[in-house]
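Beneath this line is the structure, given in structure tokens, with notes to follow.
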Amino acid sequence: MKKNSSTIRRLFLMAGYSAQNKINSSLVYMIKQFAQYGDVILFMDNDTPDTELAKISKYVIHSGAQRHGEYDFGSYKRAYTYARDTGILQKYDIIYLINDSVYGPLYPIKPYLQKMESFNTDAFGLVYNPHKKHPHIQSWFIGMRRAVFTSDWFDKFITSVTQQPNKGAITYLYEQGFTRLLNEHHITWKCLFSASGRSIYNNVKHLYRAKVPFIKRAAFTRHNGRLGGQILYVLNHTNRSARDSILYDARETYGPEYINWLLTKNPIKIISRNIKYFIKKIRTEKL
């Protein structure tokens, strides 16, 4: 029997990364939103100093930062083993794996948690990738009940995460690999949304209007800035706190000049970048 959402004990295992070894404004915003509905453990895949980690100390029960090169799953591993080895893992009904490859939440997150937790499944996620060969839960937002996170097979899976030679190997072994293991162990799972291929990066406006509560960071640098108009639409329609944290972070990460260029409303500049993008695409694909 499912518990009332107000009594569900949640643990958010969060993975972060910053090339500048910082706790940026968007990560602080994200952690604050989740901390309202459960406990948070954060691990960073970089050597973030304690002075930076102090920015989120009052919102987390533990945090750590060390450059390990195992990407998000390496940080998930460290957060999980901390919870397991300190004995707190058993306190929770549901754990989530969440990383900061996205900006948000752009909408209040509580209804999304409640909707996923209402599924009659032992695992769930925010976005499903209907890959032809390897359909899977996108690994930046996964939830699971005790039947999964206290199992021997999950412990073996997550603690066996190691550094891989490329992103493709990480995707196959860990992101797609987690869903394969769910299927092999006859664990039921379901997602709120579906996004095929690179649509999670490219269909920014469409996904926001479909109520997907996050935007991929990579959208800011894709397609010669062609996604700028879509990003600007999202920023103009989301809440002020989310917008301010995203813009502050984006300007710090990519530079204010680039962000001003990206988010232009000048129609001539927009047409010019679209033409340049299509010319590059034609040359690349030899159409």
Once you've got the Cα coordinates, tell me which of 58/167; 156/190; 32/265; 132/156; 58/190; 22/133 are over 30 Å apart.
58/167; 32/265; 58/190; 22/133
The range 150-246: projected area of the alpha-carbon convex hull, averaged over directions, in nm²:
8.6
Sorted by chain and then number, the residues having a modelled amide H within less than 5 Å of the amide H of residue 12, at least 5 places away or on another chain, are 39, 40, 41, 96
Provide 27, 13 in ascending order of the number of other Cβ atoms located within 10 Å of each residue's Cβ, fewest first.
27, 13
For the range 226-238, 3J(HN,Hα) per residue [Karplus equation, 6.51 cos²θ - 1.76 cosθ + 1.60, θ = phi - 60°, Hz, x = Gly/Pro]
5, 8, x, x, 5, 4, 4, 4, 4, 4, 6, 10, 7
So, with +1 on the Cβ of K and R and -1 on the Cβ of D and E, and no other charges, what is the size of the charge dipole of the range 1-197 about its Cα centre, to the nearest 20 debye?
520
Counting sequence-distant residues (5 or more places) and residues on other chains, those with an amide H built under 5 Å from that of residue 191 are 125
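R0 = 25 Å: FRET efficiency of residue 21 with residue 163, Cβ-based, nearest 0.05?
0.85
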May I ask you to evaluate 6.51 cos²θ - 1.76 cosθ + 1.60, the Karplus curve with θ = phi - 60°, for each residue of the range 113-127 and list the ³J(HN,Hα) values in order in whole Hz, giving x for glycine and proline?
4, 5, 5, 5, 6, 7, 5, 8, 9, 8, 9, 7, x, 7, 10
GNM result for the chain, Cα springs below 10 Å: residue of 213, 49, 105 fluctuating most strongly
49
Förster-model FRET efficiency, 45 Å R0, residue 7 and residue 261, C-beta, rounded to 0.05
0.40
Per the helix-only calculation at 222 nm, which mean residue ellipticity applies to the chain, given -39500 (n - 2.57) for every DSSP H run of n ≥ 4 and division by its residues, nearest 500 deg cm²/dmol?
-12000 deg cm²/dmol
Considering only 255, 38, 104, give the residue with the highest GNM mean-square fluctuation for the chain, with springs between Cα atoms whenever their separation is below 10 Å.
255
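Using the alpha carbons of the range 51-148, what is the convex hull volume per residue in cubic angstrom, as a whole number?
Measuring per residue, one finds 152 Å³ for the Cα hull of the range 51-148.
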Per residue of the range 193-201, in order, report the coupling 6.51 cos²θ - 1.76 cosθ + 1.60 (Karplus, θ = phi - 60°) as ³J(HN,Hα) in whole Hz, putting x for Gly and Pro.
10, 10, 9, 8, x, 9, 5, 4, 8
For the pair residue 153 and residue 131, the simple spin-label estimate (label points 7 Å beyond Cα toward Cβ) gives in nm 1.8
Using only Cα atoms and rounding to the nearest 10 degrees, what angle (0 to 90) does helix 71-85 make with the longest principal axis of the chain?
20
Amide H neighbours of residue 136 under 5 Å, at least 5 residues apart or on other chains, H built in the peptide plane: list them.
129, 131
Whole-number percent relative contact order across the range 1-197, with pairs defined as alpha carbons under 8 Å at least 6 apart:
23
GNM top mover of 270, 31, 94 - the chain, alpha-carbon springs below 10 Å
270
Would you mind pulling out the separation of the Cα centroids of the range 134-152 and the range 3-77, in Å?
18
Simple SL model, points at 7 angstrom along Cα→Cβ for residue 210 and residue 47; separation in nm is 4.2
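Values quoted throughout were computed directly from the atomic coordinates according to the rules given, and no laboratory measurement underlies them. Since this is a predicted model, take the numbers as computed values, not measurements. Glycine gets a Cβ as well: all are built from the backbone with ideal geometry, and neighbour counts include every protein chain shown.
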